Amino acid sequence: MAKAEETVLEIDLNALGHNYNFLRSKIKPDTKFMAVVKAYAYGSESVAIANHLQGLGADYFAVAYVNEGIALREGGITAPILVLHPQKIHFATLIEHQLEPSIYSLSILSDFIATASTLNIHEYPVHLKFNTGLNRLGFSADELPDILNLIHQQKTIKVIAVLSHLAATEDHEEKEFTNLQLTRFSDICKQVDSLFEHSILKHVLNTSGIINYTHAQCDMVRSGIGLYGYGNEPYIDEQLQPVMTLKTIIAQKHIIRSGESVGYNRKYTSEKDTVTATLPLGHADGIGREYGHGKTYVSVHGQLAPIIGNVCMDMIMIDVTNIACEEGDEVIIFGKSLPASEFAETAQTISYELLTGLSQRIKRTIVH
Ligand SMILES: *Cc1c(COP(=O)(O)O)cnc(C)c1O
């Protein structure tokens, strides 16, 4: 790893490859792998990540919105790309960039057919998303006759896949509910198979689904967080490698005399002489105020130093009283040796939120 000279998010493609191979090893060789690279590949850098995964053999990519799919196409991704939440105003652009929509309601379905037919499109590939209990997006199973009505009257679109999303694959207390969702999905799949003549891809599992419900892998799995090195439970985390390491340097050190305060609104007051270090990143970079007040630690030369006082917009202060360090020395905020999942937990949140919240202001560097 290169030594930081400013705040950087280091993206390790070898770690990505390791995680991809680990997740692939859990599924059958002929099960397709859809790499979820929405939200800048969970806060990293979607084009570099997707290109590396495409090279390793990822079959499919998924993004949330159309503009994210366009960025991948412009970055050289030729594999199929599913757009999980396409908006009607972007249907024509979606088609122009050969992106596949996840269609989740009758009105979206008829709007999409209308747009595609004005463009004289023939058999445009679409995925139908069914709600099996997450109650977020999706058709209900009893809408199938209406779906068929719309679809069988035309040749503009072709249903190539059906999917659903599970609410709690990482939660062992919700096994019964997850199994209910899987049963509902499998019933939908059976109906779909009996109603269509061509074969249709089925996909339902996310990362924790791959780990905990491997038997339900169907034709394809959709993995995001696992690729980036987090498995939502310690024994999986141990087998994965964090792809992103957020690093910075000490901008300045101060000796704070007993009774003096540090930072805005004087939320930290020293009880003894204390050495602090100021770091050039703050809530504008995605390290929110919930990480202040001594609850969260960063790593200075392998030793843990708490973030003290209020997190500022562009800076945080840490207590380095017992750590030998100099201005300019490197500090690891999280990543290798200090997992983002543990950092996030200090603020009662999850790796997903911490990673995707990292602002675009932070420089990304790719290491291989
Ligand atoms: C984000 C998302 C995923 C990926 O979930 P992970 O837990 O990160 O693997 C899969 N499917 C859908 C529909 C999603 O929105």
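The values are calculated or read from the model by the stated rules, or taken from the named source; none is laboratory data. Quick caveat, the model's predicted, so the values are computed rather than measured. With ideal geometry, Cβ positions are generated from the backbone for all residues, glycine too; neighbour counts draw on all protein chains shown. SASA here: full protein model, heavy atoms, side chains in, ligands and nucleic acids out. Shrake-Rupley method; radii C 1.70, N 1.55, O 1.52, S 1.80 Å.
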_Inter-label distance for residue 337 and residue 197, nm, one decimal - labels placed 7 Å from Cα along Cα-to-Cβ_ = 6.3 nm
*asked:* Pairs of alpha-carbon atoms within less than 8 angstrom and 6+ residues apart define the contacts here; what relative contact order does the chain have, in percent?
replied: 20 percent
_If I model a spin label at residue 261 and residue 79 as a point 7 Å from the Cα along the Cα→Cβ vector, what separation in nanometres do I get?_
5.3 nm
*To the nearest µm²/s, what D does Stokes-Einstein give for the range 31-228 at 25 °C and 0.890 mPa s, using the Kirkwood radius over alpha carbon pairs as Rh?*
144 µm²/s
_Long-range Cα-Cα pairs in the range 244-367 (distance over 22 Å), rounded percent_ = 28 percent
*Return the FRET efficiency for the residue pair residue 313, residue 153: r is the Cβ-Cβ distance, R0 is 51 Å, and the value is rounded to the nearest 0.05.*
0.35
*Restricting to the chain, compute how many DSSP beta bridges are antiparallel as a %, nearest 5.*
45 percent
*Computed [θ] at 222 nm, helices only, for the chain once each DSSP H run of length n ≥ 4 contributes -39500 (n - 2.57)*: -8500 deg cm²/dmol
*asked:* Among 172-181, 48-57, how do they line up by average Cβ neighbours within 10 Å per residue, starting with the highest?
replied: 48-57, 172-181
_Residues whose placed amide H lies under 5 Å from that of residue 298, excluding near-sequence neighbours_ = 305, 307
*List the trypsin sites (Lys or Arg not before Pro) in the range 247-290 that DSSP assigns to loop (not H, G, I, E or B) and whose Cβ has at most 13 other Cβ atoms within 10 Å. Which are they?*
257, 272
*asked:* Pairs of alpha-carbon atoms within less than 8 angstrom and 6+ residues apart define the contacts here; what relative contact order does the range 244-367 have, in percent?
replied: 29 percent
*How much length is gained on full extension from residue 353 to residue 304, taking 0.36 nm per residue of separation minus their Cα-Cα distance?*
15.4 nm
*Based on the Cβ-Cβ distance from residue 56 to residue 215, what FRET efficiency comes out when R0 is 30 Å, to the nearest 0.05?*
0.75
*R0 = 25 Å: FRET efficiency of residue 171 with residue 141, Cβ-based, nearest 0.05?*
0.60
_With angles folded into 0 to 90 degrees, how steeply does helix 106-118 sit against the dominant principal axis of the chain? Use alpha carbons for both and round to 10._
70 degrees
*Paramagnetic reach from residue 187 in the range 115-150 [backbone N under 16 Å; point 7 Å along Cα→Cβ]*: 130-135, 139-145
_As a test of understanding, state the convex hull volume per residue of the chain from its alpha carbons, in Å³._
141 Å³
*asked:* Could you work out what % of the accessible surface of the chain is carbon and sulfur, using a 1.4 angstrom probe and leaving DNA, RNA and ligands out of the count?
replied: 50 percent
*Compute the Rg/Rh shape ratio of the range 267-338: radius of gyration over Kirkwood radius, all on alpha-carbon atoms.*
0.93
